[in-house]
Structure formats: C-alpha cells, structure tokens
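Here the structure comes first, spelled out in structure tokens, and everything after it is commentary.
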Amino acid sequence: MKELRLMKGNEAVAEGAIRAGADGYFGYPITPQSEVMEYLMAEQPEKRTGMVVLQAESEVAAINMVYGAASTGKKVMTSSSSPGMSLMQEGISYLAGAELPCLLLNVARGGPGLGTIQPSQADYFQSVKGGGHGDYNLIVLAPSSVQEMFDFAFLGFDLAFKYRNPVLMLSDGLIGQMMEKVELCEQLPRTTHFDRSWTLTGKPDGQERNIVTSLDLDASMQEIHNLHLQEKYRQCKEAEVRYELFDTEDADYLFVAYGSSARICQKAIKIGRSEGIKIGLLRPITLWPFPAKPLAELASRMKGILSVEQSAGQMVEDVRLSVGSGVHIEHYGRMGGMIPTPEQVLENLKKLLIAK
Amino acid sequence: MTEEIIIAGFGGQGVLSMGKILAYSAIMQNQEVSWFPSYGPEMRGGTANVTVILSDERISSPILHVYDTAILLNQQSLDKFEDSVKPGGVLLYDKNGLIRMPERTDIHIYRVDAADASAKMESTKAFNMIVMGGYLKIKPIVQIENVYKGLEKSIPARYSHLLELNKKAIAIGQEIVTKER
Amino acid sequence: MDIKDIIKPENLVYQKTSLMTDKPLSYCPGCGHGTAHRILMEVIEEMGIQSETIGVAPVGCSVLAYDFMNVDMVGASHGRAPAVATGIKRCWPEKFVYTYQGDGDLAAIGTAETIHAANRGENITIIFINNGIYGMTGGQMAPTTLPGMKTSTSPYGRDLKSMGNPLKMTELLAQLPGTCYVTRQSVHSPRNVRRAKKAIRAAFESQKENKGLSLVEIVSNCNSGWKMEPVASNEWMVDNMFPFYPLGDIKVDGKLVNNQ
C-alpha cells in the first residue's frame, strides 16, 4: 500500500534524505528551514539507518563538515536559508573545485541582508551563476511541491554522485513551510561510495594515497582542471535538462516560472483561460542546466512571454538569452518576501504583454 | 470539488492545527490538500493564519487572495479577511471579543460561539474543534470519521486522552453554529 | 669496515619513514615544519595505522602538507580544518583523523571551528604549529604574535592597546571538558623532538580510546618571517616565545595539570 503522509516541505526533504540512504546531515538553524534539522533530530536516523545528524556552530562549519565527509565518499547534505547560503558560498566553491558530491538545500527568504523570513526567489543568480568564486556550476533543482521536496532528495544525490558535483535544491519559504500530501517510497540501503579512485578512506597498503583538494599552484595545471570541469558541465547540460509544460499546446502567451511561482502561475492560467486568454507555462525543474532549447522552441509560437519570479527579475535574463530577440519578453515579480497572487500575475500579463 | 479556506485568529487558538486536521481528513478520503501557514515571529503571540485547500484535482497555487470560506476568530482577522470571501462564499466567526461584526451582505455569515462553549467545557483546548464542528455542519466536505482519523494523526500519543474531548467538541460545534444571514 | 659493509641493511641505524614522500619539502631551511611532519608520520607508522588515517591540511605554510605526508588527505579552506575533520570523523568513527594547522589558521580565522570541535569533544587530533606569525603570506602579525614583536603588519612592534593581546589558544582549549589531552612542545633540539613525538603518540592513543579531542601545540620558529638565521631564530624562540608559551603538558587524561 502507498505510504501517504501530510508533511511540510522541510520535513519531506529530511525524510527523503533518510530514505535516499544519506550518511550525514550537518546544519545550522535559520528560518524558514529549521524544520529540516528538527525533523532529523526527532527521527533519530542514527537508529533507523545509521545516518549522522549534527548541529554545527555556524553555516561555515556546516558546509565544511559536508566537505570533509563528502571527501570520504559519504552521501551528505546541508540546508539553510538565504543569509546562511551566502556564508556557505566559499565552501561550495571548494566542493565544486574538488569535485565532491553533496546535496545542498536553500529554503530561500527575502533579502538583501537579513531581509525577511518570508518566501523569495531572489537567490537565483547566486544559485545558477556561481555564487562563490571561480568558474563552476551547481546542478540546481527547483522543487515546486512538497512531493518534489521528497523526491529531489533522491534525484539530487543521484546527480551529485553521477557528476561528482554539488547539487542545490533551490526552494523557498512557501514550499518549505507548506504541507501537502506526500507519497513516500521505500527506504534505500545506506551504502558508502567506496571508489578508491578519489575517496579518502585511508591509504591501503600497496596503493597510492588519495588527495582531495581544489588547490594547484601551477596555473597551467589549474587551467587543465578547469577545462575538465567545463567539459563535465557541458555533458551535464546535454543530459540533465528537466522541465514541465502546462497548457502550452494552444497557448498564445507563456509564463516561465519555477518553484512556488510556478504554482501561482497555474492558477493564473486557469483564471486567464476562463476569460478566454490562452496561457501556458514552462516550469524549469533544473534551473541549471536551464531548459533553453525547449523554451526557444515554444517561444516562436508565442505572442509574448512573462517570466514570473519573486525577485526583481533574475531568471528573465536566462529567458532572454534562451529566446533571443523577436519575442516580447517581460518580467513580473514581487520582492522582499511578498508573494504575488494569481490575480496579480494575470493582471500583469494583460498589462505588460497584451495591452502593449 | 475544490474548497479554498482561510482560518485566522490568535496564535494559541489552534488555528494551524485545525487546518492540519482538516487537511489530514481530506487525505484520508483521497483528496489533494495544501496547507500554508503564516510563520515566524508574527505567530508568537500575534495573529496566525493558514490557507487550506482541499480538492479532487491537483492543487495549483497554495496562496490565494479570495476564499470560498473564511473562518475568522479575532477582530484583526475579521478586519483583514472579510473582504477576501468570494461573493456567495461563507464567513464563519466567533463573536467573542469582537467590537465590529461582519458587515457583508453578499456572503453567507455563520456564527459559532466557540470561546463561550469551550469555557463551559472548562477546556480552552477544545476551542478549535468546536469551530471545526461548526464548519463541518455548514460544509460537510469531509466525513466525520475521517476527521477523527485526522485527529488521531495530529494529536501526539501523550495527549491521546484528549481525543474524546475533541470529538465531543466537534459535536458541540455542530450543535451551536447558527446562520446569521 | 669499508663502505660496502656500512650500507648493509643490518647496519642501518636510521631511515626516513616511508610515510614521508620523496618530494623535497617546500619549507624554508631551518623551519620546524619538516621535523613536525616527520615525527607525526613516524607515530602513524609505528602505530601501524596508515591505512586507517585521514589527515586534513590547512591553509598556510603547510597547505601542501599532503604532498609530503603519505596518507589520505584533504585540503581544507582557511581555518575550517576542525570542521572538515568533524565531518570525516562523524561518518568514520573508527578511522584516525587529524588536522595539521598553523596559528593563523587555528587561532584567528578558525577560532570558532577549533573551539566548537573541542567543546563537542570531537575525537580527533590537532597538531598546532605556533610560530607567532603568518609565514606563507610573508610575515604578517598573527593572533599569537608576541607583545612588541615586529611583523610586516606591525612594523613598529605589536601594540597591545590597538592590536590586542597574543591568544593562548592551547590554555583556552584545555579548559573545555571536550578536550582530553592538551600539551605544548617544541622541535628545536633532539631532546624536544623526542618529547614532541611522545606527545603526538599520546594524542593518537587518546584518539584510539575515544577520549575526546587531543591537541599538540608545537612552538616553532619562522626564521624567514622573523628575519633571522635559523640558529638565531631558535635562540630567540627559547628566550622570547617559551616564557610566553611555556612547554609541557597542560591537560592529561581529561585533567588539568596542577600548575595550570
């Protein structure tokens, strides 16, 4: 029988991590994601699967605990919210540079600075354009439901180990705090990734030692490493684009929106269609790699595209890069933790795309 | 069927848990649900609200600005959300502590004196389930046995003795709810 | 006895541990790092735990420690070695995990990680090289720089009023219930090298018995940073560093040594 539960997004991702066979979680409390660690501590996964949960002294320590554990081939994760993610960026750059797999979760809130604790999508640039120093990319998944918060724990770890790269789930306070029905799958075994080609498990007799580092003082070698990373990112771009389409078959106008905004847009589509405005939605599931090709193909049939984000307009830049000129593209968003209503989204589609 | 509800009141009135029990009940009868609370410092001693959507279909936006039903349990909530009820929709309120009553004429207005009733029961904890009983009388969208199941899921094992009290509260709520217009 | 006899294996009196790689050390001639590396690796060899050991290199002069230490190692970001070691040890409680850190790394940027790893009683070993200066970046003032000591960022000497006091991290860490064995050693003379090695051994034995965090501070010279000849720098260390950072055990088996 299906195991159904009513869960918060933050709880679902924690349960997902346990069931995906995670070895460890290291985190630091911050609203609106504290339920992740609270749930894990209450569940005592060390008794269920042997998974380790540790409350670190800071986000900086947490990400470096992840870095240490990941260097030994363990399946580990951390979670935070916007200001805490900023603190983690150095460590994330090291993880990407050293090619270590891990799962990161940002339950984003309004900024800049201490900002608010309400939902926001203003960390898009930080998430998909690097965030930390150096040329690197994270694989970025954007869950849009509590079910996806659960499911992407599995997908995230899979992709992280497939590409030996950090995977970031970019969620927000709405998806993290809301409760929905979640269908849980069965517990996966917790198995350590004993690949001696890169993991640190202690140098076996008669074998070479392993070193995990992102440092190479020889610039020509560092460039070769960068070329290797770029090739990896290219392969990832080819294979891992994920997105979802709603009502696009006959649409004249297209919303592009991810996460909580995509949910709001679906309602706006319903209202719009009841008024005779044919709107569709492309929901990027991977924000990096961005679904540029499918978007470009759809765009040629559209009278206009509205990028809907809870930000000043960040993803809209990728929408424009994907589509190029020739299609009318606008952005609508609220900021600082304000969530647009479906009616506001529809009103702005009319104002920005139809009235012009 | 889709029912879009806002429940709002003081933190501590059991607003969020009432929403949660309602959501659980709907899951028990294979419906889709979403539950989105106000969260953070505003909840601590201030007002709390939760948007609950029950539907036979996949739920789109968990955030709304108009509702089929508004359950408003203090003055601030009434002031804030009375205008958000869809024309023809339902407003359920408790008159306790109100200085301004609901005024709209294009919606159905019901009153449940849950604060008084819970005081009579000598259990303020029963307050939210009295309201729940009132709501279910107006809109029996979830079956009562599923509400009991939802209660069992929501009440921590150490409070299991409260189950009967809550069942009684639901019955009282169903009894005392009155239509005003 | 001619040369052929002398080089016979049975006449061997000393050889470099195989746990040091053949890569020439990148440290300045006269620096204590090389000796500290060697005795650390000798201890791991003598305990037979090479295949069970994971080391964490810091940022600083010993950023490339993994080039010389023939064990599995990870390079941490500046100051975070105790957090990195925590992540490893929590997932691999049966392994031996150590960090090798300088005073800038451990006592300035990594103070929080160091104190909290110690306070949680992480069962790891920290080797802490204290030479009172930032060597790698060219001799800037460290949290451990002595009062009045000249560095490139305290060219008129460390002024306690504006630049703060030298931080005795080792004494501070000894106060925490999470630490088991805390000692201060040096490697400037054969006798001190032997003592320091014994201390490192004791630290790893304590880790083996899951007793909590063990820390060996090694007060060392930085002849380049101090702008001195190696011998003169060692003499200066004895005359100036040791009075401020006295050698000896501070905490043994979870108990503070009497004079602390």
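What the table shows:
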quantity: Calculated on alpha-carbon atoms, Rg and Dmax of region A:176-329 in Å; calculated: 22.2, 74
quantity: Cross-link partners of C:Lys150 among lysines (Cα-Cα below 29 Å; sequence separation of 8 or more within a chain); calculated: C:Lys161, C:Lys168, C:Lys227
quantity: Built amide H within the under 5 Å cut-off of A:Met51, gap 5+; calculated: A:Glu46
quantity: Anchor A:Lys8: aspartates and glutamates whose Cα lies under 14 Å away (excluding residues fewer than 8 positions away in-chain); calculated: A:Glu35, A:Glu38, A:Glu148, A:Asp151, A:Asp172, A:Glu180, A:Glu183
quantity: Binned Cα-Cα distances of the protein assembly as shown, short to long, each 10 Å bin given as a whole percent; calculated: 3, 13, 19, 19, 16, 13, 9, 5, 2, 0, 0, 0
quantity: Whole-number D in µm²/s for region A:138-242 (Stokes-Einstein; Kirkwood sum over Cα pairs; 20 °C, 1.002 mPa s); calculated: 127 µm²/s
quantity: Cβ crowding within 10 Å averaged over residues, with A:300-311, C:52-63, B:117-128 ranked highest first; calculated: C:52-63, A:300-311, B:117-128
quantity: Other protein chain Cβ atoms within 10 Å, averaged over every residue that makes up B:59-70; calculated: 6
quantity: Inverse of mean 1/r across different Cα pairs in region A:1-127, Kirkwood, Å; calculated: 14.8 Å
quantity: Region C:91-107 - phi-based ³J(HN,Hα) in whole Hz, Karplus 6.51/-1.76/1.60, Gly and Pro as x; calculated: 8, 10, x, 7, 8, 8, 10, 9, 10, 10, 9, x, 6, x, 5, 7, 9
quantity: Nearby aspartates and glutamates by direct alpha-carbon distance to A:Lys303 (threshold 16 angstrom, same-chain neighbours under 8 apart not counted); calculated: A:Asp247, A:Glu249, A:Asp250, A:Asp252, A:Glu330
quantity: Under 5 Å, built H, 5+ apart or other chain: amide partners of C:Gly178; calculated: C:Gly121
quantity: Phi-based couplings in Hz for region A:91-108 (Karplus 6.51, -1.76, 1.60; Gly and Pro marked x); calculated: x, 5, 4, 5, 4, 5, x, 8, 6, 10, x, 6, 10, 10, 10, 10, 8, 5
quantity: Relative counts (whole %) of C-alpha pair distances in region B:2-179, using bins that are 10 Å wide; calculated: 10, 41, 39, 9, 0
quantity: Built amide H within the under 5 Å cut-off of C:Gly32, gap 5+; calculated: C:Asn221
quantity: Unit charges on C-beta of K, R, D, E only; dipole of chain A, Debye; calculated: 620 debye
quantity: Cross-link pairs A:Lys270/B:Lys20; A:Lys351/B:Lys179; B:Lys95/B:Lys168; A:Lys350/B:Lys179; A:Lys129/A:Lys293 - those with Cα-Cα distance over 30 Å; calculated: A:Lys351/B:Lys179; A:Lys350/B:Lys179
quantity: Highest-fluctuation residue, B:Gly46, B:Gly19, B:Gly133 considered, GNM on chain B with Cα pairs under 10 Å; calculated: B:Gly46
quantity: Of all DSSP beta bridges in chain A, antiparallel share, percent nearest 5; calculated: 30 percent
quantity: Over region C:1-67, equivalent-ellipsoid semi-axes from the Cα gyration tensor in Å; calculated: 28, 17, 9
quantity: Three principal axis lengths of chain C [C-alpha, angstrom, descending]; calculated: 63, 44, 36
quantity: Viscosity 0.692 mPa s, 37 °C: Kirkwood-radius Stokes-Einstein D of region A:243-354 over Cα pairs, µm²/s; calculated: 244 µm²/s
quantity: Average Cα contact separation per residue, region A:243-354, under 8 Å, 6 or more apart, as relative contact order %; calculated: 29 percent
quantity: Calculated FRET efficiency for the pair A:Glu186/A:Ser274, C-beta based, R₀ 56 Å, to 0.05; calculated: 0.85
quantity: q = 0.14, 0.23, 0.30 Å⁻¹: log10 I(q)/I(0) that the Debye formula gives for region B:126-181, counting C-alpha atoms only; calculated: -0.35, -0.85, -1.24
quantity: Of A:Glu46, A:Glu183, A:Glu275, the one that fluctuates the most in a GNM where chain A has Cα springs shorter than 10 Å; calculated: A:Glu275
quantity: At q = 0.13 Å⁻¹, base-10 log of I(q)/I(0) for chain A (Debye sum, equal scatterers on each alpha carbon); calculated: -0.99
quantity: Region C:99-257, dipole about Cα centre (Lys/Arg Cβ +1, Asp/Glu Cβ -1), debye to the nearest 20; calculated: 300 debye
quantity: Contour minus Cα-Cα distance for A:Glu244 and A:Gln230 (0.36 nm per residue); calculated: 2.4 nm
quantity: Rounded if a/c under 1.5, otherwise prolate or oblate - region A:79-186, Cα gyration tensor axes; calculated: oblate
quantity: Under the Karplus curve 6.51 cos²θ - 1.76 cosθ + 1.60, θ = phi - 60°, whole-Hz ³J(HN,Hα) for region B:149-157, x wherever Gly or Pro sits; calculated: 5, x, 4, 4, 5, 8, 7, x, 3
quantity: Dipole magnitude (debye, nearest 20) for the protein assembly as shown, charges at Cβ of Lys, Arg, Asp, Glu; calculated: 840 debye
quantity: Cα-only radius of gyration and Dmax that characterise region A:203-249, units Å; calculated: 19.1, 62
quantity: Simple spin-label estimate for B:Ala157 and B:Thr2 in nanometres, 7 Å along Cα-Cβ; calculated: 3.9 nm
quantity: Rounded FRET efficiency, nearest 0.05, which uses the C-beta distance separating C:Met47 from C:Val257 and R0 of 25 Å; calculated: 0.55
quantity: Added length on full extension, which subtracts the Cα-Cα distance from 0.36 nm per residue, A:Glu3 to A:Met41; calculated: 11.5 nm
quantity: Over region C:1-116 - Rg/Rh using Cα atoms and the Kirkwood inverse-distance radius; calculated: 1.08
quantity: Zone residues, region C:127-164, relative to C:Ser26, backbone N less than 16 Å from point 7 Å out along Cα-to-Cβ; calculated: C:135-139
quantity: Max mean-square fluctuation residue, GNM over chain C, Cα-Cα springs under 10 Å, options C:Lys168, C:Lys197, C:Lys16; calculated: C:Lys16
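A short reminder: the numbers here are calculations on the coordinates, not readings from a lab. Since we're looking at a predicted model, the values are computed, not measured. Neighbour counts are summed over all protein chains in view; Cβ atoms, including those assigned to glycine, are modelled from backbone coordinates with ideal geometry.
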